[in-house]
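The values are calculated or read from the model by the stated rules, or taken from the named source; none is laboratory data. Please read these numbers as outputs of a predicted model, since none were measured by experiment. Heads up, the Cβs are rebuilt from the backbone with ideal geometry, glycines too, and the neighbour counts pull from every protein chain shown. Note: areas computed on protein heavy atoms with side chains; ligands, DNA, RNA excluded. Shrake-Rupley method; radii C 1.70, N 1.55, O 1.52, S 1.80 Å.
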Amino acid sequence: MRWLVGWCGASATALGEVRPLGAQLIWDGPDPLWAVGDWRLDEIRLVHADGDTHLAVFGYCGATDAQLRNALISARAGALRQLTTWPGGYTAVARFGRRTAIPSDLAGARPVFHTRWAGGTAYATAALPLADLTEAQLDVNQLGAQLACPETPEALGSGTPYVGVHRVAPGHALVLREGGSRDTVDYEPSLPTVVAAPPVEREAAIAGIRDALVEAVRTRLAAPRHAGVP
């Protein structure tokens, strides 16, 4: 198992007393971020823009460092969708001073979870570490619903099997600010863009989908391979 865990707006006492076990610190300060588990060096990329603006990308991402930096600057102005458009499988965490943004992907394949903790918000890419952190009770109704619909987590809303631990919906981003405030914002247009867009020829549409799939597969195949440990 491996995941990301961090928090924003937590009390100074909690910051000094709590650290994930066996974690790699990605950035410190009042809004720290850790990578927990067997993350390899090629699976963690850090990009810095001007000032206290940072981006951490975990997994395999087909963007160049220049593309990541340009997207980070656009996301700082509110265009969080720019952090989700590259081929590959990854989770992006952006920090703009004392504001942190963590988008969930459109398919919900790389979820983001959050909970209230120590006067602020703790977040992670798995619900269990947040439940351990807050000693959350089991939500039996949510657990039953998840067991009944394991392939459709979007049907369960923001709930998880743990009381007080919530899931960010696909196509949304968790935005945390100094002082403990948090919002879940939709980074996709409220109306489908195809409504206002001019019609596309059938062959051109098929070619566009084919090119996107080929690029996604190429990015995955180009990722380093690691031999398993016996």
Among the residues of segment 167-187, which ones are on the phi < 0 side of the Ramachandran plot and assigned to a loop (DSSP other than H, G, I, E, B)?
VAL168, ALA169, PRO170, GLU178, SER181, TYR187
Inspect all residues belonging to segment 104-114 and state whether any of them is buried (at least 20 other Cβ atoms within 10 Å of the Cβ) and assigned to a helix (DSSP H, G or I).
no
Strands (runs of 3 or more DSSP E) wholly inside segment 10-52 that include at least 3 residues being in contact (Cβ under 8 Å) with a residue 24 or more places away in the chain:
33-36
Checked against (1) open to solvent by less than 30 Å² (accessible area, probe 1.4 Å); (2) among the small types (Gly, Ala, Ser); (3) closer than 26 Å to ALA12 by Cβ, ALA118 satisfies every condition except (1)
Residue among GLY164, GLY159, GLY144 that alone is assigned to a helix (DSSP H, G or I) and either out of contact with any helix residue (DSSP H, G or I) (no Cβ under 6 Å at 6 or more places or on another chain) or not hydrophobic (A, V, I, L, M, F, W, C) (or both)
GLY144
When segment 71-92 is examined, which residues are found to be buried (at least 24 other Cβ atoms within 10 Å of the Cβ) and not in a helix (DSSP H, G or I)?
ALA92
Counting just the residues of segment 160-171 that are of a type outside the set (A, V, I, L, M, F, W, C) and open to solvent by 50 Å² or more (accessible area, probe 1.4 Å), which one comes out farthest from CYS8 (Cα to Cα)?
TYR162
Filter result (acidic (Asp, Glu) and open to solvent by less than 20 Å² (accessible area, probe 1.4 Å)) within segment 1-46
ASP31, GLU43
Just a yes or no: is a residue in segment 77-92 in contact (Cβ under 8 Å) with a residue 40 or more places away in the chain, touching a strand residue (DSSP E or B) at 6+ places or on another chain (Cβ under 7 Å) and within 30 Å of GLU17 (Cβ to Cβ)?
yes
